[in-house]
Amino acid sequence: MADNSDSSFFSKSNDLRNRILFTILILSILFTAVTAAGSSQLVSVSSLVTYDVFRTYLKPSATGRELIRVSRLTILGFGIGMGFLTLLLYQSGVSLQYVYLMMGIMIGSAVAPISFAILWKKTHRIAATSGAIIGLVCGITTWLFTANSMFGELTLASTGNQIPLLYGNIASILTGLLITIFGSLVKPENFDFGIMHQKILVVDDKVRSMLKRDTDEQYLKRSLNFCIKVGFSISIFFVIVWPATFILSNFVFDEQSFSLWITLAIVWASAAGAVLIILPFIEARKSIAEIIHKANVESDIGLENSYNSSNDLSKDAPIMRVLVPVDGSASSLRALHHSSYLFKGMSKVRIYLLHVIEWTDEDDENIDEALYSQIQEEGRLILRSIVVPKQLSDYQRIVKLGNPSAKIVEVGDNLNVDMIIMGKIGIGKSDSSMGHVSQQVVNLTKKPVVFID
């Protein structure tokens, strides 16, 4: 009897240990999945509100400091809102399965319109938009109608049944798909995807180098074909072939087969996790090494010569260096053109065009890297849009990040310029006859400053 009791005790101990390990594993998986999904949602919502709403419609001239403030407030508001929504669903007794299956009805109608808008140049914008909206209405209607027809009432139990949710998902997805296809066939677009080269800002250095290298778009076409083939093959295998083998063969797992299945699943998950954790460090090894070896990395954007004119810059040392800060205002552009007339005929004059994106040094360590790169690119776009007079054949463009007046003075001192020519009033509002940046530059610099009204 003692042996049997000991054996039973050890069996229960092993079972308890396995349950604890299994629980820890499941919680770890759920935590990482929720954290990754939540992070991506916060970043996407923040970028959408900050750039597509605030800067596009509310304040196009927003400074970097204002953009980061709106981004942080958006993340805070979205996080608090999702927290209250989670508590509401929990108190209402809504399960995670209910939310997950209902999500297909809510967003399934937009899957086909978005996919066709990206991959099919004949997709009509009205058809795609209508497909997403009408598909959503049809999906919700079918879901609720089926639940009421089957159970005679609309409750959490009836609407949470798999059959009404299945019908709702199918109606949502198929309606969006059919409206997009037929609408685009009736009135097809002929969208030129080449326009996207001018609209999309690529901030990743590796991707940008690939795009510059493959100017004939062969790289993009090969990547597209590869993604289509691999994605289609994987979908067919896991959605059709793999389940069909079990259904057609009436296969039932025995203990040994199930153990093998679980072992393969653990190996697959472990390998995938190792790749996700280790691969980013491998790809970023050069950047990490540079960060380690550079204790004091300059926070602002350095001097760049990528936007020089078609004429080669003078190799001889210029006899005069002139700094012209430009912020896109009319007075700053007049200062640039005034420089062209002032130094017309002088061959050894170098003009430095400076654009400063207003920022605070305190925020440099906390700024999101993607947002930081986006702000840099915005500065380059502003400088790229400025037409330099033909009289100025020797010039360089500079983008800096920080306090405008301090950076103007700092760049002037570092480049040892002989003169600063700038607009009297910039894009900011000023009650006096001179802008606050101009006033601060006069107070901070020892260089001669010429103001253009």
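The values are calculated or read from the model by the stated rules, or taken from the named source; none is laboratory data. Quick caveat, the model's predicted, so the values are computed rather than measured. Virtual Cβ from ideal backbone geometry, glycine too; neighbours counted across all protein chains shown.
For this structure, a couple of remarks:
Listed here are the residues, each with its yes/no results for (1) assigned to a helix (DSSP H, G or I); (2) farther than 15 Å from Ser329 by Cβ; (3) in contact with a strand residue (DSSP E or B) (Cβ under 9 Å, 6 or more places away or on another chain); (4) at pLDDT below 75.
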site	(1), (2), (3), (4)
Leu353	no, no, yes, no
Leu383	yes, no, yes, yes
Arg397	no, yes, yes, no
Lys407	yes, yes, yes, no
Ile420	no, yes, yes, no
Lys429	no, no, no, yes
Val442	yes, yes, yes, no
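- Sub-9 Å Cβ pairs linking a first residue in the stretch 29-58 that is part of a helix (DSSP H, G or I) to a second residue that is surrounded by 11 or more Cβ atoms within 10 Å (Cβ to Cβ) and acidic (Asp, Glu), at least 6 apart or interchain, are Val43/Asp368; Ser46/Asp368; Phe54/Glu66; Arg55/Glu66, ordered by first then second residue.
- For Val94, the conditions (1) in contact with a Leu (Cβ under 9 Å, 6 or more places away or on another chain); (2) among the β-branched types (Val, Ile, Thr); (3) more than 30 Å from Gly379 (Cβ to Cβ); (4) assigned to a helix (DSSP H, G or I) are fulfilled apart from (4).
- Failed item in (1) free of Cβ contacts under 8 Å to residues at least 60 places away in the same chain; (2) crowded, with 21+ Cβ neighbours inside 10 Å; (3) of a type in the set (S, T, N, Q), with Thr175 passing the rest: (1)
- Filtering Ser158, Ser115, Ser149, Ser109 for residues that are in a helix (DSSP H, G or I) and in contact (Cβ under 8 Å) with a residue 60 or more places away in the chain leaves a single hit, Ser109.
- Single condition Gln198 does not satisfy, out of (1) modelled with pLDDT of 55 or more; (2) assigned to a helix (DSSP H, G or I): (1)
Matching residues to (1) farther than 30 Å from Ile277 by Cα; (2) in contact with a His (Cβ under 7 Å, 6 or more places away or on another chain); (3) exposed (fewer than 15 other Cβ atoms within 10 Å of the Cβ):
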residue: Ser40; (1), (2), (3): no, no, yes
residue: Val45; (1), (2), (3): no, no, no
residue: Phe54; (1), (2), (3): yes, no, no
residue: Ile75; (1), (2), (3): no, no, no
residue: Leu88; (1), (2), (3): yes, no, yes
residue: Gly108; (1), (2), (3): yes, no, no
